[in-house]
Amino acid sequence: MEHAPRPVAELAAYQGGTFVERRRLESAHILFGWEGVSYFDPAYYPLLLFSQAAGEGSSSRLFQSIREERGLAYSIGTSVAAWRDTGMLTVYLATARREAQNATDLSRDLLRAAAIDLTPVELERAKAQIRATILMALESVQSRADRLGFQTLVHGAPIAPSVIVAKINACTLDEVRAAGVRMLEGRETLATVGPALKAAA
């Protein structure tokens, strides 16, 4: 009996755009971002580090500037998603309705600045944070199983944590900045629950 050939998946086509769900809320929930890279792109690990330094965790630029110094957001953070053929770099923030546009614009400005002047200290801190996340995940059987299964599906075989850590450590400051520039030059997607906001210029 002959088996049917595996169907060839259509490649993703990033579109961008603006999406608004208007609600009369005191707060605004905002998600915006840009097309990222696939797991197989050389910029994948530099982009992880850019996101970590610029917007993930309490030591990041976005958290410190938007939330701690200016008090413009209840919650803010970036994240990276990646698939076989593309990915996304996104920013989520929850803020008072009256501060929504200001907080969004300032977040964009901070990310653009980080892509130009991210410091060696910020990069080393981001590397340490990602290394810690990788190693702490080894303490959970569920996390180990998820990682092994996912890597086998995507890469065809598990990848040793030491290999990933080595790739993280090898990323240079120029590579991380370049990954940020590459993402931010793309077309933005902006989605809001609450007020309508202006898209990036």
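The values are calculated or read from the model by the stated rules, or taken from the named source; none is laboratory data. Note that the structure is predicted; figures quoted are calculated from it, not measured. Backbone-built Cβ (ideal geometry, glycine too); neighbour counts: all protein chains shown. For the accessible areas, the whole protein counts, side chains as well, though only heavy atoms, and no ligand, DNA or RNA atoms are used. Shrake-Rupley method; radii C 1.70, N 1.55, O 1.52, S 1.80 Å.
Does G194 satisfy the condition of being more than 21 Å from the chain's Cα centre (by Cα) and either among the β-branched types (V, I, T) or surrounded by 12 or more Cβ atoms within 10 Å (Cβ to Cβ) (or both)?
yes
Okay, residues lined up against (1) touching a Lys or Arg at 6+ places or on another chain (Cβ under 6 Å); (2) closer than 24 Å to K198 by Cβ:
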residue	(1), (2)
G36	no, yes
L62	no, yes
G71	no, yes
D105	no, yes
L110	yes, yes
T119	no, no
I134	no, no
L138	no, no
Is there a residue in the stretch 143-152 that is over 20 Å from the mean Cα position of the chain (by Cα), farther than 29 Å from G71 by Cβ and outside any helix (DSSP H, G or I)? no
So which pairs qualify, if the first residue must be in the stretch 2-17 and under 18 Å from E185 (Cβ atoms), the second must be among the hydroxyl-bearing types (S, T, Y), the Cβ gap must be under 7 Å, and the two must be at least 6 apart or on different chains? Y14/T86; G16/T189; G17/T189
Inspect the stretch 174-183 for any residue being outside any strand (DSSP E or B), touching a Lys or Arg at 6+ places or on another chain (Cβ under 9 Å) and surrounded by 15 or more Cβ atoms within 10 Å (Cβ to Cβ) and give the result as yes or no. yes
If we ask which residues in the stretch 6-28 are open to solvent by less than 70 Å² (accessible area, probe 1.4 Å) and closer than 17 Å to A199 by Cα, their number turns out to be 5
Of the residues that sit in the stretch 68-98 and are open to solvent by less than 80 Å² (accessible area, probe 1.4 Å), outside any strand (DSSP E or B) and touching a residue at least 60 places away in the same chain (Cβ under 8 Å), which one is nearest to A191 (Cα to Cα)? T86
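Yes/no per residue for (1) in a loop (DSSP other than H, G, I, E, B); (2) under 17 Å from the mean Cα position of the chain (by Cα):
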residue: L123; (1), (2): no, yes
residue: A132; (1), (2): no, no
residue: L135; (1), (2): no, no
residue: E139; (1), (2): yes, no
residue: I168; (1), (2): no, yes
Residues of the stretch 54-67 being surrounded by 13 or more Cβ atoms within 10 Å (Cβ to Cβ), of a type in the set (S, T, N, Q) and more than 24 Å from E35 (Cα to Cα), in sequence order, are S59, Q64, S65
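Which residues, counting only those in the stretch 74-85, are farther than 17 Å from A103 by Cβ and in contact with a strand residue (DSSP E or B) (Cβ under 6 Å, 6 or more places away or on another chain)?
S79, V80, A81
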Go through the stretch 152-169 residue by residue and tally those that are without any contact (Cβ under 8 Å) to a residue 24 or more places away in the chain and either of a type outside the set (S, T, Y) or closer than 21 Å to V121 by Cβ (or both). 8
Counted residues in the stretch 17-63 being aliphatic (A, V, I, L, M), closer than 23 Å to E175 by Cα and part of a loop (DSSP other than H, G, I, E, B) come to 2
